[in-house]
1. Would you mind stating whether Leu31 is touching a His at 6+ places or on another chain (Cβ under 9 Å), at pLDDT 80 or above and surrounded by fewer than 20 Cβ atoms within 10 Å (Cβ to Cβ)?
2. Using beta carbons and a limit of 7 Å, which pairs, at least six apart or on different chains, have the first residue in the stretch 73-88 and closer than 23 Å to Ile104 by Cβ and free of Cβ contacts under 8 Å to residues at least 12 places away in the same chain and the second one of a type outside the set (A, V, I, L, M) and in a strand (DSSP E or B)?
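The values are calculated or read from the model by the stated rules, or taken from the named source; none is laboratory data. Model, not experiment: these values are computed from the prediction. Note that each Cβ is placed from the backbone with ideal geometry, even for glycine, and that neighbours are counted across all protein chains shown.
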Amino acid sequence: MVHPGRAVGRSQRQPIRPCRKRTGAGAKLLLPGVQARAVDQAARQAHRAGRLCPRFTHRTGHGLGLEAHDRPGLTAESGTVLEPGMVFSVEPGVYLPGKFGIRIEDIVVVH
């Protein structure tokens, strides 16, 4: 966890567990033959179950390869079919403007 030099309070710790749940929900679908959009949908579905739904404002993740942010993205628009050996960062986050943000990143290989 990274924070701006002071102790992390309860209000900052509270969203961590739901954020991990969303990351896990997306990562479980990183399987051959699954469309990238299904991964995004799974993370967003898990997110809707929580109070912070409007604060999930970016893609679920992206490919990793020669560049740090390779295609395909794990987005609602991506029709890319996942293949064995593809590597992704699964990183749904929650951002509370003027307060803090949480993003937990898991690196997952499709196999």
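1. In short, yes.
2. none
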